[in-house]
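Note sheet for the following structure.
The values are calculated or read from the model by the stated rules, or taken from the named source; none is laboratory data. Quantities reported herein were computed from a predicted structural model and do not represent experimental measurements. All Cβ positions, even for glycine, are placed from backbone atoms using ideal geometry, and neighbour counts span all protein chains on display.
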Amino acid sequence: MGETLKDKTASGLIWGGLSSGVQQLLNLAIGIFLARMLTAAEYGMVGVLTIFSLIAGSLQESGFTSALTNLKQATDRDYNAVFWFNVLASSGIYAILYFCAPLIAGFYRQPALTPLSRYLFLSFVISSFGIAHSAYLFRNLMVKQRTVSVLIAQAISGAVGVTLVYFGYSYWGLATQTLVYCTVTMICFWCFSRWRPSFHIDFGPIKGMYGFSIKVLLTNIFQNINNNFFSVILGRYYNDATVGQYNQANKWCSMGHSMVNGMIIGVAQPVMARVAEDVERQKRVFRRLLRFSAFISFPVMLGLAIVAEPLITVAITDRWLESARIMQVLCVWGAFVPVQSVYTQMLLSRGMSRQYMVGIIMIGVVQVGVALAMMRRGLFAMFIAYVGVNICWLAYWQAYARRELHLSAAEAISDIVPLFFLTAVVMGVTWWTTQSITACWLLLCVRVALGAALYAGATRIFYPSMQKESIAYLKKKF
């Protein structure tokens, strides 16, 4: 990698990690307050609507962020076309969902969901005004500016949400928190982006991007279904309290892997797109990102799994212990989420949106089928099957890495698997040696400290170059 691109990658990884890390700390603080004031059923009211919001959000964005990023030269005309398309499409989608709200409420047998969904779904209409500006920042690797925008929005919306819930607005406070977050983020993106829309509406550039973006759109829709179909199944066949426990577990698990995934997503596609014409160079970039994601993600997620019960008990009380047990299972797949992102971002950087789409659709169909087949065996059987299917599906993405980058399975395994087993051993030893501690707060502190110390020592012995490189990045940027 040339020095300029190398510096941008390092800066992007650092700012992406800072963004994700601070976001998760804010999420942690806000989540603790909310979980102590709300019941699982109240959490579930907003949780069952999550999948509809995410699908609608994918429809409004329509894959144009990735399409703009892959253009050799994006012009004002391109951004303007995307801006007006998103605004108009979002208005139409909201109108449809507004009239479908009673059907959604009927499906879940919750009449209160009709006004709540109509209110919550305003969020993606607001967001549509900032999508083109977000794409501008993303394409130009302006990760620092995106970081500041998201953190400001999260702090303000979190304060609003906690205040409203404290004064008794329950799930309406959660919905308002989402609306405020989208509004503040959109305003910040406008402030940091140099581009401004014009009233000269020309959808000509959309035609050129449509072939690529429609595949990304369909992929994002199925990706959101894959990540949230449990909320639908649990909301339909169980109850709001079960949905609330699952959403709490998924939230804490996501806080872990999102820290690393945010670093990878923020730079992987634009960086690999810039070296896509040099296959050998892109392969080196790919393997470097693959090793880095595993080096950070494995200890974070497996460590989160072994501290789940004391963490949940200390933070939000033992009435959420069921979510802690669910979280332990989900964390195993969470460890591999950033690894999968490196693979999928490589496909997008090479313009392979169709292959990306097919892979996500196929895994989605398999996941739903397996979950429904395992439902009779109980909740945890479904979650374990979900984790197993996702990990096995990495072989699908590896097949494309072999074809496009000539990356053999042996090379990929050597980059990932030894580090996973090393981390598993470290966390296993940490868990086993601390079983006798009964005080939850002490158990949490000891496991975090011991796990971190053992991992640092183990990687210093077996992965000294990776450890030194990560520390060098931090010293260079701060």
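Observations on the structure shown:
- Remark: pairs (first residue in the stretch 386-411, among the hydrophobic types (A, V, I, L, M, F, W, C); second residue assigned to a loop (DSSP other than H, G, I, E, B) and crowded, with 18+ Cβ neighbours inside 10 Å; Cβ separation under 7 Å; 6+ apart in sequence or on different chains) = 391/336; 394/336; 401/407.
- A count restricted to the stretch 402-435 and to residues that are closer than 30 Å to residue 352 by Cα, part of a helix (DSSP H, G or I) and not charged (D, E, K, R) stands at 11.
- Of the numbered criteria (1) on the phi > 0 side of the Ramachandran plot; (2) part of a helix (DSSP H, G or I), the one residue 173 fails is (1).
- Restricting attention to the stretch 314-335, the residues that are touching a Ser or Thr at 6+ places or on another chain (Cβ under 9 Å) and under 20 Å from residue 440 (Cβ atoms) add up to 6.
- Given (1) part of a helix (DSSP H, G or I); (2) at pLDDT 65 or above, index of the condition residue 72 fails: (1)
- Within the span defined as the stretch 386-407, one or more residues are surrounded by 13 or more Cβ atoms within 10 Å (Cβ to Cβ) and more than 24 Å from residue 292 (Cα to Cα).
- Looking across the stretch 438-454, the residues that are farther than 17 Å from residue 423 by Cα and loosely packed, with under 15 Cβ neighbours inside 10 Å come down to 438, 439, 441, 442.
Conditions (1) at pLDDT 90 or above; (2) of a type in the set (Phe, Trp, Tyr), marked per residue:
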site	(1), (2)
138	no, yes
151	no, no
155	no, no
160	yes, no
163	yes, no
171	no, yes
175	no, no
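- Verdict on residue 279 being of a type outside the set (Ser, Thr, Tyr), closer than 26 Å to residue 67 by Cα and in the same structural domain as residue 454 (by TED's automatic domain parsing): yes
- Within the option set 341, 353, being polar (S, T, N, Q) and either surrounded by fewer than 17 Cβ atoms within 10 Å (Cβ to Cβ) or closer than 20 Å to residue 254 by Cα (or both) holds for one residue only, 341.
- The stretch 90-103, residues that are surrounded by fewer than 16 Cβ atoms within 10 Å (Cβ to Cβ) and under 24 Å from residue 201 (Cβ atoms): 91, 92, 95, 96
- Criterion (over 26 Å from the mean Cα position of the chain (by Cα) and farther than 30 Å from residue 354 by Cα) met by exactly one of 77, 109: 109
- Residue that is modelled with the highest pLDDT [pool: residues in the stretch 242-270 that are in contact with a Leu (Cβ under 9 Å, 6 or more places away or on another chain) and among the aliphatic types (A, V, I, L, M)]: 249
- Members of the stretch 272-325 found to be free of Cβ contacts under 8 Å to residues at least 24 places away in the same chain and either closer than 17 Å to residue 466 by Cα or in contact with a strand residue (DSSP E or B) (Cβ under 8 Å, 6 or more places away or on another chain) (or both), listed by number: 288
- The requirement of being more than 16 Å from the chain's Cα centre (by Cα) and surrounded by 21 or more Cβ atoms within 10 Å (Cβ to Cβ) is fulfilled nowhere in the stretch 252-259; no residue meets it.
- Residue in the stretch 271-280 that is among the aliphatic types (A, V, I, L, M) and surrounded by fewer than 19 Cβ atoms within 10 Å (Cβ to Cβ) present: yes
- Just one of the listed residues (147, 178, 183) is crowded, with 16+ Cβ neighbours inside 10 Å and closer than 20 Å to residue 84 by Cβ, and it is 183.
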